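Written below as structure tokens is the structure these notes are about.
The values are calculated or read from the model by the stated rules, or taken from the named source; none is laboratory data. Just so we're clear, the structure is a prediction, and the values are computed from it rather than from any experiment. In this analysis, Cβ positions are derived from the backbone assuming ideal geometry, glycine residues included, and neighbour counts consider all displayed protein chains.
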Amino acid sequence: MIALLLRDLKLAFRAGGGFGLGLAFFLIVTVLVPFSVGPQSSLLSTIAPGVLWLGALLACLLSLDRLLALDWEDGSLDLLATSPLPLEAAVTIKALAHWLTTGLPLVLAAPVLGVLLHLPAQGYVWLFLSLLIGTPAMSVIGTFGAALTVGLKRGGLLLSLLVLPLYVPTLIFGAEVARRGATGMDVQTPLLMLAGITAATIALLPFASAAVLRINLR
Amino acid sequence: MTLSVTDLAITRGGIPVLEGLSFALEPGKALILRGPNGIGKTTLLRTLAGLQPPLSGQVNGAEDRIAYAAHSDGIKPTLTVAENLAFWASVFGTKSTQPALDAFDLGDLSGRPAGQLSAGQKRRLGLARILVTARPIWMLDEPTVSLDRSAVQMFADAVRGHLGQGGSALIATHIDLGLDGEVLDVGPYKARPKAIDDFDGAFL
């Protein structure tokens, strides 16, 4: 399992691996927002938590279509499926590798980008925390979507259409934590819901992903 | 332990391709699969490797004992030859990749990114992967595609070495490898084409 994680990380950091693409997309989206809505700092600080959450979500979505597709194209998915590694473990590791190379950099970059959007000072901790708790769910749900579309050529758009509705609960509660944190309100309820959603997806979805992958590999 | 197949029927895309197939593969033996294009040799190998369920019939002694090599080799172009092999070795719990590198004369190439290899060199790397799996039954689908004559010889030697250690091999190929294996022509087992009745037949 460690071998698969190390291989995926190595592939992500080598040429053409796609590391940093999501991060660059997140940066550009955040920079474009003040251009499109205008530079009023009061407006920007109101919408900052929501914009940062949406930007992180879209950046995460951007990198999903290569999560399993590359392994499918070169045949390594077939070979992994016949290896001693259970497919459930393989998809979990793939999701973890995706989070480490896409989700975690977004979490770390979000507070920096918050400055560009005049995020209120008290909101930084909650923005960081909500993304830290929410992004693993996005990687796991994304892996499920990637497993559903793995055999399709140019399945990227379909993947987005399948995955975006599944991101809704995470987005609602994650952005709510960041918004309440920024305005100084109590965050406990949405934070618990967000954590619950993440815990449930990590516990259940790898089994669904592996089952779907078995059907798609036939 | 013998791999035994009894009255097997397999499907591709919901349509039965082979039926009534029975054979046994004993340790130390090789079985060469023959048959025209599209008869279902690849589907048979995929079914035996556990990638898809059979329509009916029984496969015994295959669980976790098969090393499967498909048309594509599962090579990552940005990893080096040694890294590609080391990954599969650790997935299968094998310690050393050196015997596999030596068997297919990849020692000089081990530091090269696999994307820079020629088609034949990639194929040799794909076959070297079979050696690091350390599994007793090899299932090889057209293993000699794009290999030159000396590489075919290396491959035949590797198979002979494997059989000598009590392993077995099921090889779909049309060239003569000089192995003293039995030949199984799957042509006579061709299924009469009829669609499966149930609505999810396309998934089977």
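Side notes on the structure shown:
- Residue check, A:Leu117 farther than 11 Å from A:Gly181 by Cβ and surrounded by fewer than 18 Cβ atoms within 10 Å (Cβ to Cβ): no
- Residue in segment A:71-85 that is farthest from the other protein chains (Cβ to nearest Cβ), counting only those that are in contact (Cβ under 8 Å) with a residue 24 or more places away in the chain and in a helix (DSSP H, G or I): A:Trp72
- Per the listing B:Thr78, B:Thr6, the residue uniquely part of a loop (DSSP other than H, G, I, E, B) and either hydroxyl-bearing (Ser, Thr, Tyr) or closer than 22 Å to B:Asp148 by Cα (or both) is B:Thr78.
- Residue within segment B:51-63 that is in contact with a helix residue (DSSP H, G or I) (Cβ under 9 Å, 6 or more places away or on another chain) and within 28 Å of A:Leu9 (Cβ to Cβ) present: yes
- Filtered by the rule that a residue be surrounded by 19 or more Cβ atoms within 10 Å (Cβ to Cβ), touching a strand residue (DSSP E or B) at 6+ places or on another chain (Cβ under 7 Å) and either of a type in the set (Phe, Trp, Tyr) or at the interface with another protein chain (Cβ under 7 Å from one of its Cβ atoms) (or both), segment B:65-78 gives B:Ile66, B:Tyr68, B:Ala70.
- Any pair with Cβ under 7 angstrom, 6 or more apart, that starts in segment B:88-103 at a residue that is within 7 Å of chain A (Cβ to nearest Cβ) and ends at one that is surrounded by fewer than 20 Cβ atoms within 10 Å (Cβ to Cβ) and assigned to a helix (DSSP H, G or I): B:Ser90/A:Ala3; B:Val91/A:Ala3
- Among the residues here, B:Glu83 qualifies as surrounded by fewer than 22 Cβ atoms within 10 Å (Cβ to Cβ) and at pLDDT 90 or above.
- Of the candidates B:Phe92, B:Phe104, the single residue that is crowded, with 20+ Cβ neighbours inside 10 Å and closer than 22 Å to B:Gly164 by Cβ is B:Phe104.
- Subset of segment A:145-158 (residues that are in a helix (DSSP H, G or I) and surrounded by 23 or more Cβ atoms within 10 Å (Cβ to Cβ)): A:Gly145, A:Ala146, A:Ala147
- Only one of the numbered conditions (1) crowded, with 17+ Cβ neighbours inside 10 Å; (2) under 23 Å from A:Phe207 (Cα atoms); (3) in contact with a helix residue (DSSP H, G or I) (Cβ under 8 Å, 6 or more places away or on another chain); (4) touching a residue at least 12 places away in the same chain (Cβ under 8 Å) is violated by A:Leu127, and that is (2).
- Test: residue in segment A:203-218 that is touching a residue at least 60 places away in the same chain (Cβ under 8 Å) and either outside any helix (DSSP H, G or I) or farther than 30 Å from B:Thr11 by Cα (or both): no
- Within segment A:53-69, being in contact with a helix residue (DSSP H, G or I) (Cβ under 8 Å, 6 or more places away or on another chain) and within 14 Å of chain B (Cβ to nearest Cβ) holds for A:Leu68, A:Ala69.
- Candidate set: segment B:48-58, residues that are of a type in the set (A, V, I, L, M) and within 25 Å of B:Leu127 (Cα to Cα); chosen: the one farthest from the other protein chains (Cβ to nearest Cβ): B:Leu48
Yes or no, residue by residue, for (1) in contact with a Leu (Cβ under 8 Å, 6 or more places away or on another chain); (2) modelled with pLDDT of 95 or more; (3) of a type in the set (D, E, K, R):
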| site | (1), (2), (3) |
| --- | --- |
| A:Gly142 | yes, yes, no |
| A:Tyr167 | yes, yes, no |
| A:Gly184 | no, no, no |
| A:Thr198 | no, yes, no |
| A:Phe207 | no, yes, no |
| A:Ile215 | no, no, no |
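- Residue among B:Leu125, B:Leu179, B:Leu140 that is of a type outside the set (Asp, Glu), surrounded by 14 or more Cβ atoms within 10 Å (Cβ to Cβ) and either assigned to a loop (DSSP other than H, G, I, E, B) or out of contact with any helix residue (DSSP H, G or I) (no Cβ under 9 Å at 6 or more places or on another chain) (or both): B:Leu179
- Top-ranked residue of segment A:6-52 - restricted to ones that are under 16 Å from the mean Cα position of the chain (by Cα) and small (Gly, Ala, Ser), ranked as farthest from the other protein chains (Cβ to nearest Cβ): A:Gly50
- Residue that is nearest to A:Val51 (Cα to Cα), among those in segment A:131-183 that are in contact with a Pro (Cβ under 8 Å, 6 or more places away or on another chain) and of a type in the set (Ser, Thr, Tyr): A:Thr183
- Of the residues A:Ala59, A:Ala89, A:Ala97, A:Ala109, the single one that is assigned to a helix (DSSP H, G or I), crowded, with 24+ Cβ neighbours inside 10 Å and not charged (D, E, K, R) is A:Ala59.
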